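The values are calculated or read from the model by the stated rules, or taken from the named source; none is laboratory data. On a predicted model such as this, the values are computed, not experimentally measured, just so you know. Cβ coordinates were reconstructed from backbone atoms using ideal geometry, including for glycine residues, and neighbour counts include every protein chain displayed.
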Amino acid sequence: MINKIFKYSSCDIVVKYVLDDLKATLNHTNMTSRTSDMLAKEFELFEKMKPQEQCTCYHIIFSIDSRDSENPLGQCNQHLSEYDYYQLARRYLEQMGFLSGDGMHKSQYVMALTQNVDEQDVHIVVSRVRMDGTVVSNYLEEQRNEFVVNRLNNEFDMQDLTHTY
C-alpha cells in the first residue's frame, strides 16, 4: 500500500477534482451533501472559521496495487472491499486526530474510490478545521503518518510499499 498526502489551502477545488475530474465514486462522508459543488460549499463554511490557517485541506491517497501475478510489472495481488476501504480510511482519520472525540469535535471528510487495471485508490479529502472550530494539530504529522500507515499495513495485511509525504 502506498500512502501520499497533498496539502492545500482549501478543500473546494480538491473535492471537485476527486469527484469530477477523476470520476471517483463517493464511498462515504460525514457531510450532508453528495455532489461536488455542494460538498465544496460545506467545506468552505468551516474553513472560514479559521482564515489564518494556511493549510486547511489534506488530500490523502492510499494506493493498493492489484496486479495479477501474470502481469509482467510484478506479483502484487492485493484487494480490499469497499467496506475494508472505509475501515482503513476511518481508522487512519481517527488515529491522525481528524475524528477524535464526539459530535462536533470531528473534521469533515469525503472518501471516494477509483480503480484502474493496475491499482485501486482511496481518496480522502479532509479538513483540518474541525466542526467545533478547533484545528487538527500538524505537529510531528510526518512521523505520526508513518506510524499509523505501518500499523494499518499490518492490520489489513497489506504489502508495505512506501509512504510519500
* **Failed condition for Asp65, given (1) modelled with pLDDT of 90 or more; (2) surrounded by 12 or more Cβ atoms within 10 Å (Cβ to Cβ); (3) not basic (Lys, Arg)** => (1)
* Close pairs from region 38-66: first within 15 Å of Met131 (Cβ to Cβ), partner aromatic (Phe, Trp, Tyr), Cβ under 7 Å, at least 6 apart -> Cys57/Tyr8
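A quick yes/no check of all residues on (1) modelled with pLDDT of 95 or more; (2) hydroxyl-bearing (Ser, Thr, Tyr); (3) farther than 30 Å from Tyr139 by Cβ; (4) touching a helix residue (DSSP H, G or I) at 6+ places or on another chain (Cβ under 6 Å):
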{"site": "Lys4", "(1), (2), (3), (4)": "no, no, no, no"}
{"site": "Lys16", "(1), (2), (3), (4)": "yes, no, no, yes"}
{"site": "Ser33", "(1), (2), (3), (4)": "yes, yes, yes, yes"}
{"site": "Gln52", "(1), (2), (3), (4)": "no, no, no, no"}
{"site": "His59", "(1), (2), (3), (4)": "yes, no, no, yes"}
{"site": "Tyr83", "(1), (2), (3), (4)": "no, yes, yes, no"}
{"site": "Gln87", "(1), (2), (3), (4)": "no, no, no, no"}
{"site": "Met104", "(1), (2), (3), (4)": "no, no, no, no"}
{"site": "Asp118", "(1), (2), (3), (4)": "no, no, yes, no"}
* Asked: Does Ser10 satisfy the condition of being assigned to a loop (DSSP other than H, G, I, E, B), surrounded by 15 or more Cβ atoms within 10 Å (Cβ to Cβ) and touching a residue at least 24 places away in the same chain (Cβ under 8 Å)?
  -> yes
* Limited to region 13-37, what total is found for residues that are in contact (Cβ under 8 Å) with a residue 40 or more places away in the chain and among the charged types (D, E, K, R)? -> 1
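A quick yes/no check of all residues on (1) without any contact (Cβ under 8 Å) to a residue 12 or more places away in the chain; (2) part of a strand (DSSP E or B):
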position: Tyr109; (1), (2): no, yes
position: Ala112; (1), (2): no, yes
position: Asp121; (1), (2): no, yes
position: Val125; (1), (2): no, yes
position: Asn138; (1), (2): no, no
position: Arg144; (1), (2): no, no
position: Asn154; (1), (2): yes, no
position: Asp157; (1), (2): yes, no
* Single residue of region 111-141 satisfying the filter (small (Gly, Ala, Ser) and within 16 Å of Asn30 (Cβ to Cβ)) that is surrounded by the most Cβ atoms within 10 Å (Cβ to Cβ) -> Ser127
